[in-house]
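J.: Have a look at the structure that comes next, please.
The values are calculated or read from the model by the stated rules, or taken from the named source; none is laboratory data. The shown structure was predicted, so the numbers you read here are calculated from the model rather than taken from an experiment. Glycine gets a Cβ as well: all are built from the backbone with ideal geometry, and neighbour counts include every protein chain shown. Only protein heavy atoms, including side chains, enter the accessible area calculation; ligands, DNA and RNA are left aside. Shrake-Rupley method; radii C 1.70, N 1.55, O 1.52, S 1.80 Å.
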Amino acid sequence: MPEEPFETGRLFTPRVDRYGQIPVRTNRYSVPARLIGKRVRVILHASHLVVYDQNVEVARHERLIAKGAVRLDLDHYLEVLVRKPGAFPGSTALEQARSAGKFTPVHDA
């Protein structure tokens, strides 16, 4: 066994698109909207991935297995939705949060 720990994940450096998402392999994952247009560092592990801006962790997602899938975190879009409140009810991020049980009818109220 090595004396020093080493990274076992695979490194990617994608650019954040205008939708606040990054492509990793065949899937897309959300990151905070303030990072649009910047390159981020992604460490892809077997079961999850971690996204860094400089050396600060900005997102962590469960890894998607199906090709072409999208994982969105509602928190990553809140700063945009504050400026565009009409976009909130029909947003894909809200739909995913509801289906995961993270956004309940209590939140709606």
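J.: Place a point 7 Å from the Cα of ARG41 along the Cα-to-Cβ direction; which residues of segment 1-20 have their backbone N under 11 Å from it?
T.: Inside the label zone: 11-13.
J.: At 1.4 Å probe size, what's the solvent-accessible area of ASP17? Round to the nearest 10 Å².
T.: 40
J.: Residue by residue through segment 53-64, what is 3J(HN,Hα) from phi via Karplus (6.51 cos²θ - 1.76 cosθ + 1.60, θ = phi - 60°)? Round to whole Hz and write x for glycine and proline.
T.: After applying 6.51 cos²θ - 1.76 cosθ + 1.60, I find 10, 6, 10, 9, 5, 10, 7, 9, 10, 5, 5, 8 Hz.
J.: If R₀ is 22 angstrom, what is the calculated FRET efficiency for the pair ASN55 and GLU3, using the beta carbon separation as r and rounding to 0.05? It would help to have the intermediate numbers written out before the result.
T.: Numbers: r = 23 Å, r/R0 = 1.05.
Using R0 = 22 Å, I get an efficiency of 0.40.
J.: Can you pull the accessible area of HIS61 for me, 1.4 Å probe, Å² to the nearest 10?
T.: Taking all protein chains as shown, HIS61 has close to 10 Å².
J.: Under the √(5λ) rule applied to the eigenvalues of the Cα gyration tensor, what semi-axes describe the equivalent ellipsoid of segment 18-87? Give them in Å, descending. The partial results should precede the final answer.
T.: Working: eigenvalues 86, 43, 20 Å².
Over the Cα atoms of segment 18-87, the semi-axes work out to 21, 15, 10 Å.
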